[in-house]
Amino acid sequence: MIAPTAAGSRPVALVGLPGTGKTTLGRRLAGRLGWQLCDTDAEIERGTGRSPAQIIDLDGEDAFRRIELATLTELLERPRAVIIACGGGLFGEPAARRRLLEAAWVVALDAPDSTLLERLGSASDRPLLRGDVSGRLAELRRRRQRAYAEAHLRIDTGRTSPEEAEAAIRPLAGSIPVPTAGSAYPVIVGDDAAGNLETHLPADCRRVAVVTDRSVEPAARRLAARIAASGREARVVSLAGGETAKSWASAGRLIERLASLELGRRDALVAVGGGSVGDLTGFAAATYCRGIAWLGVPTTLLSMVDSSIGGKTGVNLRAAKNLAGAFWQPRAVLADPALLRGLPSRELASGLGEIAKYAMIADTDLPALLDEGVESAGAGDVETLTPIIERCAAIKAEVVGRDPRESGLRAVLNYGHTVAHAIEAATGYGTVTHGEAVAAGMRVAGRLSTELVGLSAADREWQDRLLDRLGLHPLPPVEAAAVLRRLAHDKKAVGGEVRWVLLARRGEPVLDQSVPADLVRETLEEVLQTR
């Protein structure tokens, strides 16, 4: 049973050198969000009756760090949503840094030393800065800058107003976390989600290639201008979108282009476009310099709800779809549903096919949202689509977090896809949209589920009615025999035998199912209406 957690429950931790404004900004954020503000230094003084300076003076810094870590652990376990203003050295401690990255969104605040010195004054109440304030501050920066670079978001409070900093952090506070090894990355869904894209880039990133589908190149150029305004070099690389762009040859050309732009290991890519551009860009990021950072800005419904999340990157080969690829997680996924306005109806329907899959595999309120708003969603109404996109992103984030490399549970996301990928390969990539193929695959999987694992006729009929209401009717004639031949190349086959994801009931997937070949053939012929 898949029941994803709600967005917005993950704490936000503000870290940075003394004087960067953690407490001041934390107070603003807590007031705006209605969250509790917790200052680790204040919490320590409340719990011990002594200030951090007194503890360090009397017991030493090691004793203070132990108290600080225990205080942080307690704050992270509070049931109420919290903003944590961290003491300046807390994130520099390995144990504290691990806990923060695992459990919170970490925002690193910074400003030039001249600004910090002006704010700090004599720093008489800061034992680690006493004496030579300027020299000690520079030493702290040198020691901690590598740790601060691991933060999820970076904001220069010297050049950013408190209002602008707050506006950059608020979407992060309401984002959907996708857990990865020891950390997480955010999926932000909402108006102008990519408006502060530059704050998600690596701290030491100097060059960025914005890879885009030509159909959305104006949006990519606006983002490149924002990146350039942050002091980085930004270049736009335009491609022809669509499934045909996801080829081995395209990947080679893109990687050669990155080399010509002299991107280094600490630089980054930004994918602006649909699933094909995202898959191709992520694959290039995974292989160039043996792996560089990348961010996703999906512009189609299908990419917003599915392909941009989870780090499965790759390209198609003649034998099968996505047969060459790598797991390489993005730093963030920034999805603005307003970009869907004007999306061709067929592309919109393609994304709705993937949404129907989520409604079948997870135990959420998504079916109710679709029952109520399917016509508006099918017409591309952004207000209707936004909560639907959020639910789908949360479902995928939950699954990916529990199975990042598709070794078990993540297979539930392939409901309907076993047949879908075979249809796409058999008809020629781009002839049938992914969502259209998934819809046909779901009709096949639904019938097999009723036959083999007890899916009720009512649940299967609900699925098929939904697909009809979304405009995903049966495909034009596709030869069942051709699809059967392609099924043999399925990546999830074990010992040459295809393994299926079926449903015992809506919201209860059954994995790794073997299906008799004759039944597969009969069901394909029934759904595809061809032999």
Listed values (1) 22, 49, 24, 5, 0; (2) 22, 56, 21, 0; (3) 19, 41, 23, 14, 3, 0, entry calculated as P(r) over Cα pairs in 20 Å bins from 0, in percent: (1)
Isotropically averaged projected area of the range 185-343, using the convex hull of Cα atoms (one quarter of hull area), nm²: 8.1 nm²
Inter-part distance where the range 373-391 and the range 290-335 are each reduced to a Cα centre, Å: 23 Å
Extension reserve of the ARG221-SER134 stretch, reckoned as 0.36 nm per residue once the Cα distance is removed: 27.3 nm
Inter-part distance where the range 215-265 and the range 138-191 are each reduced to a Cα centre, Å: 24 Å
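Within a 10 angstrom radius of the beta carbon, how do TRP294, TRP35, TRP105 rank from fewest other beta carbons to most?
Exposure proxy ranking, most exposed first: TRP35, TRP105, TRP294.
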Residues of the range 91-123 with amide N under 14 Å of the 7 Å Cα→Cβ point at GLU164: 110-112
Nitroxide proxy distance, nm - points 7 Å out along Cα→Cβ at ASP57 and ARG265: 4.5 nm
Expected 222 nm ellipticity per residue - DSSP helices of 4 or more, -39500 (n - 2.57), all of the chain, to 500: -14500 deg cm²/dmol
Nitroxide proxy distance, nm - points 7 Å out along Cα→Cβ at ALA379 and GLU497: 5.0 nm
Residue-span extension gain [GLU45 to ALA482] - 0.36 nm each, minus C-alpha spacing: 150.2 nm
Full-stretch length increase - SER345, ASP512 - with 0.36 nm per residue and alpha-carbon distance subtracted: 56.7 nm
Antiparallel DSSP beta bridges within the range 231-346, as percent of all bridges there, nearest 5: 35 percent
Global form of the range 142-249, assessed from the alpha-carbon gyration tensor, a/c cut-off 1.5: prolate
DSSP-defined antiparallel bridges as percent of all bridges, the chain, nearest 5: 25 percent
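Taking 1 over the mean of 1/r across every pair of different Cα atoms in the range 295-396, what Kirkwood radius in Å do you get?
14.3 Å
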FRET efficiency for SER456 and ALA95, using Cβ-Cβ distance with R0 set to 35 Å, rounded to 0.05: 0.10
Point-to-point label distance, ASP363-ILE255, nm (Cα→Cβ direction, 7 Å offset): 4.4 nm
Alpha carbon convex hull of the range 397-528, volume per residue in cubic angstrom: 110 Å³
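Bear in mind these aren't lab numbers, they're just calculated from the coordinates by the rules spelled out. Since we're looking at a predicted model, the values are computed, not measured. Cβ atoms come from the backbone with ideal geometry, glycine included; neighbour counts cover every protein chain shown.
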